[in-house]
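What follows is a set of notes on a single structure, which appears directly below.
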Amino acid sequence: MTDFAPEEKHVSPDLLHLLTCSTCRNWIIGRLLDRRTVPAEEEDTRDERYAGMWARLEERTPELIEEGRRRAEMVDQLFAELMQESPGRRLGMIQQARFRSLDLLERLLEESHAGQLADPTRAAELARLAARLAILFGEGDEEAAAALPRAFSLAANARRLAGRLKAADAMLAKAVPFLAGGIERAFYCRTLALLRWEQGRTDEAGALLEHTARLYVTEGLDREAGACLLLLGLVLLEEAREGEALALLAHGWNEMDRDTRPLLALWGGLALAASLAQTGDEERARRVLKQSWQLFAEVSEPAEMLRVYAWEGRVLARLGDRGEALHVLESVRRQLLAEPSPAEAALVSLDLALVLAESCRAEEIEALAEELRSSFPEIPAMLRAAHHLSAVGILAREGEPRLREATFKAAITLRRMFRACGLRIKPLPFA
């Protein structure tokens, strides 16, 4: 294995990016296949960046396939050897010369990216290993340096998913000096946007997502841009800016790759259905809801599905299916109380209170508030949440005509308060 690393010294930065970014690699493979059927004069000018690479790849295809097979076997061995050791020993092991492989660097980045949602702690460790390996190549190695922003961004996102927001911020700061290409900058900006959203800095998150979408469009990655627009729609929806959110959610839902990111598609599809129902477009709302239901089988994590069901309950409520909405939201609320997830239980209680009010059962809302008080008496923020819930019940009994708007404002206030006092809301499952 000792003669492995020297063979890799002639890989270009662009090619290394393709190796370390599955999104771009899938795109470029698709473009190669398109070139076999699309006349040259009709090819997208955005391919110009890789023009020379197209010809070289096509000429050397058999040779590259064999070389790729051999290198993949060697990387499998190196990766397996690393994984057999404890996390504490891996950082020391990877400093050995035989591990100095750009292919191993690629493998670490891919494994980190693929495992972010399932195991953020392991994903963060793999990204940290990738960063350490890239640094070991030295300052003059452009190929390894090109991988550093993604390694730091992946480590940051894994920490965000684990609720370690300060650590995520610190990790993203390490990525800044190494940012170069548009694709890596887009990946970094989207990660930073998600972090700012978690921190309640929604204006910054929105601006970053707009910028990221433009970067991805420039790079020809329209599906990634679609995912960014869907995320932006969710940010705006959280701030009750439904008029602005609707178009973004619709565009993102139609443009994104739902097969690759079924959980995000579920969140976005249900949010879109809720927004359409709010505008009175019941036919489109039910159509999107039905399409979203088809994605349920793609998500197996119970905790994530619990949050999906909360969105489903909101959609059903806005469509006027109050009996089903009450059943779904009450079930979700009970499970959130049991987790326990106090902040989310309070927010779902607000959703449930609105449905009770619209079902002429406003007198039951105070019981929801009392359960919040008794379940979390040691958390001051929950006493405040119970107060807001009681206020909704009072407005409902008084026949307040703008009860829905008042409930939405209460949700915004509570969400900001929870974030300010560090009461955790489960982060958006995105990587």
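The values are calculated or read from the model by the stated rules, or taken from the named source; none is laboratory data. It should be emphasised that the depicted structure is a prediction, and the values quoted were computed from it without experimental measurement. Reconstructed Cβ throughout: ideal geometry from the backbone, glycine too, with neighbour counts over all protein chains shown.
Counted as qualifying within the stretch 174-289 are the helices (runs of 4 or more DSSP H) with 1 or more residues that are touching a Phe, Trp or Tyr at 6+ places or on another chain (Cβ under 9 Å), under 29 Å from Arg164 (Cβ atoms) and outside the structural domain of Glu405 (by TED's automatic domain parsing), namely 182-198, 202-218, 222-238, 262-278. Of all residues in the stretch 280-303, those satisfying the criterion of being loosely packed, with under 13 Cβ neighbours inside 10 Å and farther than 17 Å from Leu263 by Cβ are Gly280, Glu283, Lys290. A Cβ distance below 6 Å, combined with a sequence gap of six or more or placement on separate chains, defines the contacts here; from the stretch 337-356, residues that are closer than 11 Å to Leu372 by Cβ reach residues that are modelled with pLDDT under 95 and outside any helix (DSSP H, G or I) in the pairs Ala343/Leu423; Ala343/Ile425. In the stretch 152-171, of all residues being aliphatic (A, V, I, L, M) and over 16 Å from the mean Cα position of the chain (by Cα), the one that is nearest to Arg419 (Cα to Cα) corresponds to Ala167.
Filtering Leu78, Leu109 for residues that are modelled with pLDDT under 95 and buried (at least 18 other Cβ atoms within 10 Å of the Cβ) leaves a single hit, Leu78. Considering the conditions (1) in a loop (DSSP other than H, G, I, E, B); (2) crowded, with 24+ Cβ neighbours inside 10 Å, Ala130 is excluded by exactly one of them, (1).
Give the number of residues within the stretch 134-145 that are surrounded by fewer than 24 Cβ atoms within 10 Å (Cβ to Cβ) and in a helix (DSSP H, G or I).
5
The residues of the stretch 91-146 that are touching a Phe, Trp or Tyr at 6+ places or on another chain (Cβ under 7 Å), basic (Lys, Arg) and free of Cβ contacts under 8 Å to residues at least 40 places away in the same chain amount to a single one, Arg107.
Does Ala158 satisfy the criteria of being part of a helix (DSSP H, G or I), within 25 Å of Ile425 (Cβ to Cβ) and out of contact with any Ser or Thr (no Cβ under 6 Å at 6 or more places or on another chain)? Criteria met by Ala158. For Ala240, the conditions (1) without any contact (Cβ under 8 Å) to a residue 24 or more places away in the chain; (2) surrounded by fewer than 16 Cβ atoms within 10 Å (Cβ to Cβ) are fulfilled apart from (1). Just one of the listed residues (Glu344, Glu370, Glu312) is assigned by TED's automatic domain parsing to the domain that holds Arg424, in a helix (DSSP H, G or I), surrounded by fewer than 20 Cβ atoms within 10 Å (Cβ to Cβ) and of a type in the set (Asp, Glu), namely Glu370.
Screening Val332, Val355, Val328, Val348 for residues that are over 17 Å from Ala303 (Cβ atoms) and among the β-branched types (Val, Ile, Thr) leaves exactly one candidate, Val355. Listed by first and then second residue, the pairs with beta-carbon distance under 9 Å, at least 6 apart or on different chains, first residue in the stretch 178-205 and in contact (Cβ under 8 Å) with a residue 40 or more places away in the chain, second in a loop (DSSP other than H, G, I, E, B) and surrounded by fewer than 17 Cβ atoms within 10 Å (Cβ to Cβ), are Glu198/Gly163.
This table checks each residue for (1) within 15 Å of the chain's Cα centre (by Cα); (2) modelled with pLDDT of 95 or more; (3) surrounded by 24 or more Cβ atoms within 10 Å (Cβ to Cβ).
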site	(1), (2), (3)
Asp103	no, no, no
Leu117	yes, no, no
Ala147	no, no, yes
Ala180	no, no, no
